[in-house]
1. Which of the residues spanning region 202-214 are closer than 14 Å to Asn20 by Cα and either among the β-branched types (Val, Ile, Thr) or modelled with pLDDT under 95 (or both)?
2. Quick one: in region 166-181, which of the residues that are over 13 Å from Lys200 (Cα atoms) and in contact (Cβ under 8 Å) with a residue 24 or more places away in the chain is surrounded by the fewest Cβ atoms within 10 Å (Cβ to Cβ)?
3. Those residues that are more than 26 Å from the chain's Cα centre (by Cα), of a type in the set (Lys, Arg) and surrounded by 16 or more Cβ atoms within 10 Å (Cβ to Cβ), I need them from region 103-141; list them, please.
4. Please work out if Ser140 is of a type in the set (S, T, N, Q) and modelled with pLDDT of 95 or more.
5. What are the residues in region 182-208 that are under 12 Å from the mean Cα position of the chain (by Cα), at negative phi and not acidic (Asp, Glu), if any?
6. Return the only residue of Asn219, Asn186 being touching a residue at least 12 places away in the same chain (Cβ under 8 Å) and outside any loop (DSSP other than H, G, I, E, B).
7. Is it true that some residue in region 90-100 is touching a strand residue (DSSP E or B) at 6+ places or on another chain (Cβ under 7 Å), surrounded by 12 or more Cβ atoms within 10 Å (Cβ to Cβ) and touching a residue at least 40 places away in the same chain (Cβ under 8 Å)?
8. Just give me the residues in region 124-163 being part of a helix (DSSP H, G or I) and more than 26 Å from Leu199 (Cβ to Cβ), in sequence order.
Amino acid sequence: MVVNIKRGVSNSMMKSILINACVERLEGFRKYTEELDAKFQSDKRAIVESYDLSPDKYGQDEDEYNDIIEFISDDIHEIENTFIDTFRKSTLVSLYSFLERQMNLLCKRVEKQNSLPIAVTDLKGEGVVRSKQYLEKMASIDFSSGGMNALWSAISDLNKLRNQIVHEEGYVKRTNPTSRIENIINTTPGLDYAWSSQLKIEMSYIDSTIHTIEQFLSNLYNQAL
């Protein structure tokens, strides 16, 4: 969606346009994930349904029956642990990149709207943490109050998960005591471990993340502009 914002547009209309653009983009993410996930689940069902798995069909040939089961299991395993796993992890990274860019753009808009002498790039750090610092200092946004505290906590967890995927391919080293990333996985609905201590992401976490980002950005735009 391309938005052309002309001079003379009120702040309230500006906020509405920007928030609606974000919501529309996130709805696109939601439809994309739902459609692809449905396709993968359909592929799994098609594999199983393409075989008559009744043991009676194979008579006394138990080895042939077991070979068929093992073949199907390998195909199902590939869909679950290669296709679906890669798709969900890449979706999470894309969602985080979208959030990071939107926060950076908001900082630039705050700077321009208020003719500020300091830009977000003048601060140390990077990504959502740097944008958060800028919005706290220059737009007086309180990230510790009420709902914003819970939303920022979820965003911080998303940051850790994104880094684990990008830098470690989602592999998680088990430690004692447990690390921050382990605590996130252990306590967050929709997150778990797959084979070889890899991060496993369920669709419920993707959907929850989209909802969190939508609420978070809407809150930021309403406070900052």
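The values are calculated or read from the model by the stated rules, or taken from the named source; none is laboratory data. This is a predicted model, so every value here is computed, not measured. Neighbour counts run over all protein chains shown; Cβ positions are idealised from the backbone, glycine included.
1. Selection gives Ile213 alone.
2. Filtering first and then ranking leaves Lys173.
3. none
4. Here the answer is no, as Ser140 does not meet what is asked.
5. Answer for region 182-208, where residues must be under 12 Å from the mean Cα position of the chain (by Cα), at negative phi and not acidic (Asp, Glu): Leu191, Ile201, Met203, Ser204, Tyr205, Ile206, Ser208.
6. Of Asn219, Asn186, the one residue that is touching a residue at least 12 places away in the same chain (Cβ under 8 Å) and outside any loop (DSSP other than H, G, I, E, B) is Asn219.
7. Yes: one or more hits.
8. Gln133, Tyr134, Leu135, Glu136, Lys137, Met138, Ala139, Gly146, Gly147, Met148
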